C-alpha cells in the first residue's frame, strides 16, 4: 500500500508558504490506518522499549493504537497547561513559531526506554523537545517513528546526528 496516496496536501496552512501534509485522510480510511499501525509495530520490533510516548495531538492517534496492540504504557506529551498534575516542561522552536511541551513528572522513571511516535517530522524541534523531556526524566529515548518525514527540512537528520534511531513510513518534500 502506498500511504502517500492517503495524505492530503493543503497549501498556505497554517500560514502562507507552508504546505501542510494532512493525515486525517489516512486516518479516515480504515485499511490505510490499520496498515500504518502495522508498519509502526513492524518498525518498532527493531527497538528495545518499555513505554510509548506521543506528541500532541496527531501523534496520539497512532501511538494509542500501537500501545494497545503491544500492551505497553502510553505517555502523553502535551502542549503547555494541558496536564493537571506536576509536570516537566521544555520550550522549543517550531517551523512557524515557538511552543512548550510537557509531561507529567511521574510519567517516566529512571532507566525507562521510550519509543516516541508522531505523525510528522519537519525541522525537528518538537521531536527534540520530546527527547529532552524523556532525558530530563532520566529515561532513555529508544527511537522515533513518524508517519511522514519532510526530508528537506532537516529534522530527521538532526535526530540521526544525535544518534537517535528514526523511522518514517513515507517522505515528502517540505515545501
Kirkwood hydrodynamic radius for the chain: how many Å is it when counted over pairs of different Cα atoms?
16.2 Å
Rounded Å value of the spacing that divides the Cα centres of region 70-96 and region 1-62:
18 Å
Got the relative contact order for the chain handy, in percent, Cα pairs under 8 Å and 6 or more residues apart?
19 percent
When 58, 21 are arranged by how many other beta-carbons sit within 10 Å of their Cβ, fewest first, they go 58, 21
Taking only the Cα positions of region 48-132, the convex hull volume per residue in Å³ is 94 Å³
What value, in deg cm²/dmol to 500, does the helix sum -39500 (n - 2.57) over DSSP H runs of n ≥ 4 give at 222 nm once divided by the residues of the chain?
-8500 deg cm²/dmol
Most fluctuating residue of 117, 147, 41 in a GNM of the chain with Cα springs under 10 Å: which is it?
41
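None of the figures in this text is laboratory data; all of them are computed from the coordinates on show. Quick caveat, the model's predicted, so the values are computed rather than measured. Positions of Cβ are backbone-derived with ideal geometry, glycine not excepted, and every protein chain shown enters the neighbour counts.
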